[in-house]
Structure formats: structure tokens, C-alpha cells
Amino acid sequence: MSIGGTIQDRGLDLPVVCGRFSQQRPASELAEIFAAEPLGDELGPRFNVAPTDEAYVVVQRDERRAIVPYRWGLLPHWAENAKTASRMFNARAETLTRSPAFADALRRKRCLVPVDGFYEWQRIGARRQPYSIGRTDGRPLVLAGLWSGWRDPAVDRVVRTFTIITSAPNAQMAGLHDRMPVVVPDDHWDLWLDPALSDPAELQGVFEPTDDVLLRIDPVRDLVNNVRNDGPELVEPIELAAIPPEPLAAGLFD
């Protein structure tokens, strides 16, 4: 795919593209959780997924639900080139219906993005401290997403991409950041994926901040700031007193 290569290929770090999450479960396990069919290659456990990387999403067409690897960073079908993807890894819930890039996907191409945790950054003095945020019960944190198909003219092939929707923070996240990804509770999965539901007004309740899902918010090493780092040590909680002061970059949901 001539989509510009991954962030790693371009040697970019957090100051350029500031999004990260971890996705450790295999497609087969996610398929059991979502009563879906695993399609595509196994990606293996990743602890530092960044925009333009592939990640698993849950999609549904008619009665068929599937776990598929799509590329993070939405490319609308009308995009002239692939450069748009690195900028459209988030979509603000408040403006979805007014956005040419997202309005059609909101009506027809919604997906779930199951992650083991996402990373956020908080300024502490002169530096920014990374945190890993996930569910306290260890289950996947399920984020609201949109997807799109874009035909790459260089190879005449359809590239499927996705974005993560963000909204105001819930009470648990408010002290850390003024934005957060939209978390879809278990009892809203079917609603969000329902291909017969095309009225955005019926989906507005999903965007309301909720504390129904209890979150763990763990300080972690700044290894996550470099996209080349990937391993379980990135999500290991640490004591803040053990962190040397060093200026870091901003977080995913600015």
C-alpha cells in the first residue's frame, strides 16, 4: 500500500504524531469476546500502536461481525492522497455530523476499537508524564470508532482505515486531560455496530461521558514516547518518584 509508510518508517516520534495505545490480545480471543469472526493476519501483541499502524477493529455488515486489521488514521473515500491519514486519527464527537470526513462514516461505517489501554500525558512541572489507562477488571477497553475505504491509485487497491472518536472526559479522567476517547459500554456494542441504524441522533447517548466502566490510570515509563519501543515494559506501572525529570510531549487526545 502506498500510504506513506508507518510512523516508524519515517522516524517520527511523539512530538510529531501524539497517539498511542496497546492492543495485546490475538484476533481469536477478540472474536470470542465480540461473537465475531477473525479475518486477516494475526498482528501479534503490540504495546505502542501509533497512527498509520494497523490495529484490530470490530465491524459489522448485515448479520456478519468480524475482527479485522485496519490502518489507524481515517482516509475518506474522496481523499486525493494518503497524507490525510496521519492527521485524522481522532474525530471530535461534537462536530461529527458537520465534518465532510466523518459524517458519512457516522451513518454507515461505525466500528469498535478494542484496546488493552491507551496512553495519555500530564504535565508535571517541566515535563509530561505518560499514563496507561485501561479497565480495572482487565477486560478490553472498547472505544468508538469510524472506518472508511480508500482506493490507492498507485496499486489500485482499497485501503481500509479508522479513527477514534473523542469527547469530554468523564469524572475519572477529568483530572488528567480535557479530552478522552469515547468508551462504549458492553450493552451499547450492538447499538453502535447496527448497520440498520443511520440516524446520528440515535447515537448521541453513546458520546455522553460515563463512569460506568471503571478505569485504572497508571503512571508508566517514558519509553512509550519513542514509537520504536514495543514491549510489556511499556505498560508496567511505576512510582512517580522514580522518574527522572525530562521534558516530554503531549498526549493522544489533545
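Out of the residues in segment 197-215 meeting the condition of being in contact with a helix residue (DSSP H, G or I) (Cβ under 9 Å, 6 or more places away or on another chain) and surrounded by 15 or more Cβ atoms within 10 Å (Cβ to Cβ), tell me which one is farthest from Phe21 (Cα to Cα).
Leu197
What residue, among those in segment 107-126 that are over 16 Å from the mean Cα position of the chain (by Cα) and under 23 Å from Ile67 (Cα atoms), is surrounded by the most Cβ atoms within 10 Å (Cβ to Cβ)?
Among them, the one singled out is Arg107.
Filter segment 10-49 for residues that are modelled with pLDDT of 95 or more and closer than 18 Å to Met88 by Cβ; which is nearest to the chain's Cα centre (by Cα)?
Looking at the filtered set, the residue picked out is Phe21.
Out of (1) surrounded by 13 or more Cβ atoms within 10 Å (Cβ to Cβ); (2) assigned to a helix (DSSP H, G or I); (3) among the acidic types (Asp, Glu), the odd one out for Asp218 is which?
Only one criterion is unmet by Asp218, namely (2).
Any residue at all in segment 76-98 that is in contact with a helix residue (DSSP H, G or I) (Cβ under 9 Å, 6 or more places away or on another chain), within 28 Å of Met173 (Cα to Cα) and either without any contact (Cβ under 8 Å) to a residue 40 or more places away in the chain or among the basic types (Lys, Arg) (or both)?
no
If you go through segment 108-131 one residue at a time, do you hit one that is farther than 30 Å from Val220 by Cα, modelled with pLDDT under 95 and out of contact with any Gly (no Cβ under 9 Å at 6 or more places or on another chain)?
Taking every residue of segment 108-131 in turn, at least one turns out to be farther than 30 Å from Val220 by Cα, modelled with pLDDT under 95 and out of contact with any Gly (no Cβ under 9 Å at 6 or more places or on another chain).
Mind listing whichever residues of segment 129-180 are of a type in the set (Val, Ile, Thr) and surrounded by 14 or more Cβ atoms within 10 Å (Cβ to Cβ)?
Applying the first criterion (of a type in the set (Val, Ile, Thr)) to segment 129-180 yields 133, 136, 142, 155, 158-159, 161, 163-166.
Answer for segment 129-180, where residues must be of a type in the set (Val, Ile, Thr) and surrounded by 14 or more Cβ atoms within 10 Å (Cβ to Cβ): Ile133, Val142, Val159, Thr161, Thr163, Ile164, Ile165, Thr166.
For a quick check of your reading of the model, give me the residue pairs whose first member lies in segment 170-181 and is within 15 Å of Asp218 (Cα to Cα), whose second is among the hydrophobic types (A, V, I, L, M, F, W, C) and part of a loop (DSSP other than H, G, I, E, B), with beta-carbon atoms closer than 7 Å and at least 6 apart or on different chains.
From segment 170-181, the pairs are His177/Phe253.
The values are calculated or read from the model by the stated rules, or taken from the named source; none is laboratory data. If you're wondering where the values come from, they're calculated on a predicted model, not measured in any experiment. Backbone-built Cβ (ideal geometry, glycine too); neighbour counts: all protein chains shown.
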